[in-house]
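Read-outs: derived from the displayed coordinates by stated rules, not from any lab. Just so it is clear, the structure is predicted and the values come from calculations on it, not from any experiment. Heads up, the Cβs are rebuilt from the backbone with ideal geometry, glycines too, and the neighbour counts pull from every protein chain shown.
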């Protein structure tokens with residue numbers, strides 16, 4: 001159900017960009033944002049694949065060397081708490097981006113203050129995520 005909802009929302013964006021009664025989204029801005037998004041997703045994909053390959057190679061080296069079970073467990077230990085907070089981290093990042101873009105929209109024309117607004121909003125979202133992590137550790 002979630003996939004269908006997300007897919008329909010993604011398909012609705014070009015319709016808003018090409019509305020007949022007037023363009024609600026500037027086509028150049030849309031193209032730039034989509035290219036930045038695609039490049040970011042591609043880099044994230046490559047980093048994830050590279051991390052998995054390197055983890056696999058490390059595990060193979062550990063098995064080949066015949067390292068003690070307790071030593072191997074300490075090297076390969078992952079933090080299970082980290083996996084639970086990934087969704088909150090991405091929520092904080094995207095909420096910061098959304099609030100920054102909203103503020104930039106209401107403070108046109110675009111300029112150096114737009115970059116300051118975006119930086120401040122992202123910093124506040126990361127600060128909120130930091131406080132969330134600190135609160136959940138207690």
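A few comments on the model shown:
- Two-site FRET efficiency, residue 113 against residue 58, from Cβ-Cβ distance with R₀ of 41 Å, rounded to 0.05: 0.35
- Segment residue 75-residue 89, length gained on full extension (0.36 nm per residue, minus Cα span): 2.5 nm
- Segment 79-138 - percent relative contact order, Cα under 8 Å, separation 6 or more: 41
- Here the spin labels are modelled as points 7 Å beyond Cα on the Cα-Cβ line, and at residue 67 and residue 28 they lie 5.4 nm apart.
- Linear extension gain, residue 97 paired with residue 45, 0.36 nm per residue minus alpha-carbon span: 16.7 nm
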